[in-house]
Amino acid sequence: MRIFALSFIAVLMFTGCCTSISTSVRNETGRDIHLTAVWQSHQVESVTIHAKSTGWCSGVMPTFPGQPPESWIISDGQSRFTFADVSPIGSMPSRFISSTRFTRDFPCKRVTQHVRIATDMTIHAVRVIGYTDSEPAPFPINYTKKEDER
């Protein structure tokens, strides 16, 4: 699946078509959260997502063998949750991904991966259209470390 995703991105890049990849994050925790994306030990992006709303951050790319995965740190003001590997977001099946050209990036195409943060601080894949009672393995993604912020 990862090879397919990387091949797909390469084809789009070489055809002269611009594409941006983003991740839609639905906050279902009931509290405002602060999401920090970290790649190769460097903070890539930081975004605040209010309770019961959706925020956007840069897309998660599949990792190459030997390359460290992207990680997320999510803070809810009381605790900090570290997700050491969120790379499964980058290789979700198409039913969890949407694309459109009708965004502020027009005429570029925006490809969006859809996830949600549940009340137990797990990351779930979100089906774009329709309903499914299961999500792809290895979802939900559980945090690997929890620290108190006080």
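Some notes on this structure:
- Every condition in (1) in contact with a Leu (Cβ under 9 Å, 6 or more places away or on another chain); (2) in a loop (DSSP other than H, G, I, E, B); (3) over 21 Å from THR19 (Cα atoms) holds for ILE73 except the one numbered (2).
- If you go through the range 132-150 and pick out every residue that is under 18 Å from SER24 (Cα atoms) and surrounded by fewer than 11 Cβ atoms within 10 Å (Cβ to Cβ), you end up with 0.
- Residue that is surrounded by the most Cβ atoms within 10 Å (Cβ to Cβ) [pool: residues in the range 23-50 that are in contact with a strand residue (DSSP E or B) (Cβ under 9 Å, 6 or more places away or on another chain), touching a residue at least 40 places away in the same chain (Cβ under 8 Å) and not hydrophobic (A, V, I, L, M, F, W, C)]: THR23
Residue by residue, here is whether (1) surrounded by 13 or more Cβ atoms within 10 Å (Cβ to Cβ); (2) touching a His at 6+ places or on another chain (Cβ under 9 Å); (3) touching a residue at least 12 places away in the same chain (Cβ under 8 Å); (4) within 18 Å of THR19 (Cβ to Cβ) holds:
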{"position": "LYS52", "(1), (2), (3), (4)": "no, no, yes, no"}
{"position": "GLY55", "(1), (2), (3), (4)": "yes, no, yes, no"}
{"position": "VAL86", "(1), (2), (3), (4)": "yes, no, yes, no"}
{"position": "SER94", "(1), (2), (3), (4)": "no, no, no, yes"}
{"position": "ILE97", "(1), (2), (3), (4)": "yes, yes, yes, yes"}
{"position": "LYS109", "(1), (2), (3), (4)": "yes, no, yes, yes"}
{"position": "THR112", "(1), (2), (3), (4)": "yes, no, yes, yes"}
{"position": "ILE117", "(1), (2), (3), (4)": "yes, yes, yes, no"}
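- VAL60 falls short on exactly one of the conditions (1) farther than 22 Å from CYS18 by Cβ; (2) surrounded by 14 or more Cβ atoms within 10 Å (Cβ to Cβ), and that condition is (1).
Computed from the coordinates by the stated procedures, all read-outs in this text should not be read as laboratory data. Keep in mind the model is a prediction, meaning the values are calculated, not measured. Reconstructed Cβ throughout: ideal geometry from the backbone, glycine too, with neighbour counts over all protein chains shown.
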